[in-house]
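The values are calculated or read from the model by the stated rules, or taken from the named source; none is laboratory data. These numbers were taken from a predicted model, which means no experiment stands behind them. Cβ placement follows ideal geometry from the backbone for every residue including glycine, while neighbour counts extend to all protein chains displayed. The area values use the complete protein model at the heavy-atom level, side chains included, leaving out ligands, DNA and RNA. Shrake-Rupley method; radii C 1.70, N 1.55, O 1.52, S 1.80 Å.
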Amino acid sequence: MHRGKGMTFVGDSRIKQYKKAKLNRDYSEFPGKTESFWPDFLLKEWMTGAVFLIAFLCLTVAHPAPLERVADPSDTGYTPLPDWYFLFLYQILKYTYASGPFNTFGAIVLPGIAFAALLLAPWLDTSKHRLWYKRPVASGMMLLTVAILFYTTWESGHYHDWEKQEAQGKITFSNLDKKDPVYTDIIKSNCTSCHGGELTGAAGPNLVEANLQPAAVEAFVTNGAGKMPSFKDTLTKEQIKQVSEYVANLELTDENGKPLKK
């Protein structure tokens, strides 16, 4: 049995004294070192992540993502809009130096340089100062980048035609039969690029709600109208007649396919 040092009396018995580790000590006790990863740092990260996740879930429940009609690759009149965190890049691609013949520069080279600089930041800026005003180059580049991101994101949303987007993405039900040979053989290759895959309008007008008569449709297809070209040299008279009857028969329906009351 050890005697003296390290022994303490408990009642009339002598037991060895143990020093328990002090948890959650202030890291200022250890100059030059940070707080312990477990449990101090990791617990803070978990708590922060949990709060963010709960807030994000509440936001998605309160404001769910808008639902638009089924995507149609044949509809060239649809103007897509990326998610908000890509709006800055979407706006940059509209500028002269990043669009048209310079599209590769705007879509690949410019973002590639920006992300490469972000990845190489620890090696490009090796200053030991922690105060931002003592690192003017790094701080200036950061502020400039944030300003560009905010401005281009705002500009993209401000000048976007939200009414047109709501109209072109609106879900409508009609008696359109995409399995009909008239649609698959004639309309799909000649009409959907302007009127949309559902024929509800894009660059051209809405044919489902137009309530056109067969004779009127036949005249438009044969002679053209406004920006619409003539198809008399592209389609036969029989094909034009089939298209006119097909379009004239279109009408809006409910989700169950029943015609809506006019």
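Descriptive notes on the structure:
- Hits in segment 164-205 - residues which are polar (S, T, N, Q) and not in a helix (DSSP H, G or I): Thr172, Ser174, Asn175, Thr200
- The number of residues in segment 25-70 that are modelled with pLDDT of 75 or more, assigned to a loop (DSSP other than H, G, I, E, B), open to solvent by less than 100 Å² (accessible area, probe 1.4 Å) and not acidic (Asp, Glu) comes to 3.
- Lone qualifier among Ile113, Ile108 - being assigned to a helix (DSSP H, G or I), open to solvent by 60 Å² or more (accessible area, probe 1.4 Å), within 26 Å of His160 (Cβ to Cβ) and without any contact (Cβ under 8 Å) to a residue 24 or more places away in the chain: Ile108
- Only one entry of Leu235, Leu212, Leu250 meets the criterion of being open to solvent by less than 60 Å² (accessible area, probe 1.4 Å), touching a strand residue (DSSP E or B) at 6+ places or on another chain (Cβ under 8 Å) and in a loop (DSSP other than H, G, I, E, B), and that entry is Leu250.
- Condition met for Thr200 (open to solvent by less than 40 Å² (accessible area, probe 1.4 Å), touching a residue at least 24 places away in the same chain (Cβ under 8 Å) and either of a type in the set (S, T, N, Q) or more than 21 Å from Ile171 (Cβ to Cβ) (or both)): yes
- Only one of the numbered conditions (1) exposed (fewer than 10 other Cβ atoms within 10 Å of the Cβ); (2) in contact with a Phe, Trp or Tyr (Cβ under 9 Å, 6 or more places away or on another chain) is not met by Tyr85, and that is (2).
- Subset of segment 230-262 (residues that are touching a residue at least 60 places away in the same chain (Cβ under 8 Å) and in contact with a Phe, Trp or Tyr (Cβ under 8 Å, 6 or more places away or on another chain)): Tyr246, Leu252, Thr253, Asp254, Glu255, Gly257
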